[in-house]
Amino acid sequence: MDPQHDHYSDDDDKPREECGVVGIYGDPDASRLCYLALHALQHRGQEGAGMVTVHNKVLKSITGIGLVSDVFNESKLDQLPGDMAIGHVRYSTAAGSSSILKNVQPFVANSKFGSFGVAHNGNFVNYQLVRAELEEKGSIFSTTSDTEVVLHLIAKSKARSFVLRVLEACERLQGAYSMVFVTEDGKLVAARDPFGFRPLVMGRRSNGSIVFASETCALDLVEATYEREVHPGEVVLVDDTTKEIQSMYLLRPHPPKPKSCIFEHIYFAQPNSIVFGRSVYESRYAFGEILATEAPVEDCDVVIAVPYSGVVAALGYAAKAGVPYQQGLIRSHYVGRTFIEPSQKIRDFGVKLKLSPVKAVLEGKKVVVVDDSIVRGTTSSKIVRMLKEAGAKEVHMRIASPPIIGSCYYGIDTPRTQELISNRMNVEEIRKFIGAHSLAFLPSDSFRKLLGSDYNNFCYACFTGKYPLNPTAPMEESIDDK
Ligand code: AMP
C-alpha cells in the first residue's frame, strides 16, 4: 500500500485498472524522464511498473512487480536506451501471484508490420465481447488484462499506417482508455476515449521533446510545460517526419459529450495536478468550503483531516468555518509494504499502523474530521473510534463527496455495488454505524454550482448510478444517446 492511497485488495474477480501512463518523444534521456514521471504518478498504482523504449528499431522492455523504485535502478535504466519511451504504473494489491507479472504493462507485440508497445489506463467495457470474437477467430491471449485486445485488434487491422490501425482498434473498443503507444519505426501515438473518462495531458520540454502523462504532476517533475489535454476522442501522432503532432478524432462528426471522471478530483489525482483543465487542489478546497456552509458544526473546537486524501477539503472547511485546522491524525510515511499482522490480534491494527491520533489536539475537543469519501464504511468507523479513544469529546464526520452508490466501470476500483455502505444505509444509519456524533456528505448539487457550464462534461455514475456508457450495451445504446 502506498502512504497516500489505500487500495482495495479483496475483490479478486474485478478488473483493476487504476493506472498511470507516460509517453516521452524525442529526448536523449527518455528512459530517465519516463522513470521520474512514473514516480510522480506512483499514487495511481503500486502493484507494478514498466517501461518500453525504442532504439535502432528495437523495442526494449522492463516490467516488474512493486513500486517504480523497486523495479528500476541505474543499471536497468541503462538497458533502456533510445529517445522515446512509454511507461505504466499499475494498481496495488497485497497479493503476490505470478500471474500479476504477466499483466504488468506496457505490453509489447510483434506483428507482421513490426513491433509496438502499449500502456493503457482505463477499462474497456466491451472487452469480453471483443475478446470472445477474437478467440473465436483463433487469437490466443496470454494475460487476463483487457488491454491485450488492443494488440490483437491492431495486429489484425488492414489499415495502411500504424495510427490508422490504432484508430480502427479504438472505434471497435468502448469504455475508458487513455493509452500511449510506441512503434519500432519511431512513432509515438496517444489516444483518449471519446468520453474522456480518464485524464491524459501533453507537455513539452525546453529541448522540444514531447511528454504525455496521466497527470500534470508528472510533467512538472520532468520540467515539461503543460500545453493541453489530449482531447476526448483524440488520437495524437508524433513521428520523425514532421516532429510535430498530428491529430485525428474518433466518432466524428458526432462525438458523445465528454464524461470526465469526477472522482479524479475527489480522491484519485494528486492535489498539485491540473486534471481535465481544473486544479484538483481548488476543487477539493471548494468541496470543503461547501461542506462548511451546508453542514456546519456549531462551536466546534478544531477541524482535522484524514491524511492525506482529506487534507485539502479540511483546509477549505476550516477556512470557511473560521476554526483552526490542526493535525489530529498523523500518517506514517513508512507503512509501505508491511503485511505482517501481530499474532495477538490488535483491534483496528491496519488503520493504527497508518494513522496515529494526537491527544494534544483531540482531548476534550469537539472535533470535525474531514475525509474524501466513504466507500465500505470500515475506515470511517475505525477512525471515529480512534479519535474517541484519544479523548475527543465529540466527533463530527464530514465527507467531501456525495454518498457512493455505484461501482465504477471506467477504471476506478470500487467494490461491488452491494458492498457500498451508502447503497444499504441512509445517512443516519451510516452515522450510527460509524459511531459519529454527526455525519454529512457533500450535497450533489455542489458539482453543478462549482463546475457551472462544465457540469455536463463529467461522469457522476458512482454517485447517481446513471452510467454514461452501459458496460454491456454498445455505444449507440448509451444513456447519453437515449
Ligand atoms: P472505506 O473503509 O471502504 O469506506 O474506505 C474509504 C477510504 O478509502 C476513503 O477515505 C478514501 O480515501 C479511500 N478510497 C476511496 N476510493 C478509493 C479507491 N477507489 N481505491 C482505494 N481507496 C479508495
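The values are calculated or read from the model by the stated rules, or taken from the named source; none is laboratory data. All figures in this text were calculated on a predicted structure; none of them were measured in a lab. Here Cβ is always computed from backbone atoms with ideal geometry, including for glycine, and neighbour counts include all displayed protein chains.
Tabulated results
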| quantity | calculated |
| --- | --- |
| Residue within the stretch 434-449 that is within 22 Å of Gln174 (Cα to Cα) and in contact with a Pro (Cβ under 6 Å, 6 or more places away or on another chain) present | no |
| Counted residues, the stretch 235-267 - those being buried (at least 22 other Cβ atoms within 10 Å of the Cβ), within 30 Å of Gly208 (Cα to Cα) and in contact with a Leu (Cβ under 9 Å, 6 or more places away or on another chain) | 4 |
| Ala292 vs. criteria part of a helix (DSSP H, G or I), at pLDDT 95 or above and in contact with a Leu (Cβ under 6 Å, 6 or more places away or on another chain) | no |
| Residue in the stretch 313-336 that is touching a Phe, Trp or Tyr at 6+ places or on another chain (Cβ under 6 Å) and not in a helix (DSSP H, G or I) present | no |
| Counted residues, the stretch 391-417 - those being buried (at least 20 other Cβ atoms within 10 Å of the Cβ), more than 9 Å from the ligand (Cβ to nearest atom) and hydrophobic (A, V, I, L, M, F, W, C) | 4 |
| Selection status of Ala213, of a type in the set (A, V, I, L, M) and either within 16 Å of the ligand (Cβ to nearest atom) or under 16 Å from the mean Cα position of the chain (by Cα) (or both) | yes |
| Hits in the stretch 358-390 (condition: within 12 Å of the ligand (Cβ to nearest atom) and among the charged types (D, E, K, R)) | Asp371, Asp372, Arg376, Lys382 |
| Tabulated pairs, the stretch 296-311, first under 14 Å from Pro357 (Cα atoms), second hydroxyl-bearing (Ser, Thr, Tyr), C-beta under 6 angstrom, 6+ apart or interchain | Val303/Tyr317; Val303/Tyr325 |
| Condition check for Ala224: closer than 19 Å to His39 by Cβ, of a type in the set (A, V, I, L, M, F, W, C) and touching a Ser or Thr at 6+ places or on another chain (Cβ under 9 Å) | yes |
| Odd one out for Pro307 among (1) farther than 30 Å from Val201 by Cα; (2) in contact with a Leu (Cβ under 7 Å, 6 or more places away or on another chain); (3) not hydroxyl-bearing (Ser, Thr, Tyr) | (1) |
| Failed condition for Leu219, given (1) assigned to a strand (DSSP E or B); (2) buried (at least 22 other Cβ atoms within 10 Å of the Cβ) | (1) |
| Residue among Leu200, Leu291 that is surrounded by 21 or more Cβ atoms within 10 Å (Cβ to Cβ), within 16 Å of the ligand (Cβ to nearest atom), under 24 Å from Cys462 (Cβ atoms) and aliphatic (A, V, I, L, M) | Leu291 |
| Single unsatisfied condition, Val302 versus (1) surrounded by fewer than 23 Cβ atoms within 10 Å (Cβ to Cβ); (2) within 13 Å of the ligand (Cβ to nearest atom) | (2) |
| Every pair of residues 6+ apart whose Cβ atoms lie under 6 Å, when the first sits in the stretch 249-273 and is without any contact (Cβ under 8 Å) to a residue 60 or more places away in the chain while the second is assigned to a helix (DSSP H, G or I) and aromatic (Phe, Trp, Tyr) | Pro271/Tyr281 |
| Helices (runs of 4 or more DSSP H) wholly inside the stretch 39-154 containing at least 1 residues that are among the aromatic types (Phe, Trp, Tyr) | 127-136 |
| Only listed residue being at pLDDT 85 or above, surrounded by fewer than 22 Cβ atoms within 10 Å (Cβ to Cβ) and within 23 Å of Phe141 (Cα to Cα), chosen from Lys112, Lys76, Lys57, Lys14 | Lys112 |
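Quick grid of which residues meet (1) under 30 Å from Pro81 (Cα atoms); (2) surrounded by fewer than 23 Cβ atoms within 10 Å (Cβ to Cβ):
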residue: Leu134; (1), (2): no, yes
residue: Ser142; (1), (2): yes, yes
residue: Leu153; (1), (2): yes, yes
residue: Arg160; (1), (2): yes, yes
residue: Val166; (1), (2): yes, no
residue: Cys170; (1), (2): yes, no
residue: Ser178; (1), (2): yes, no
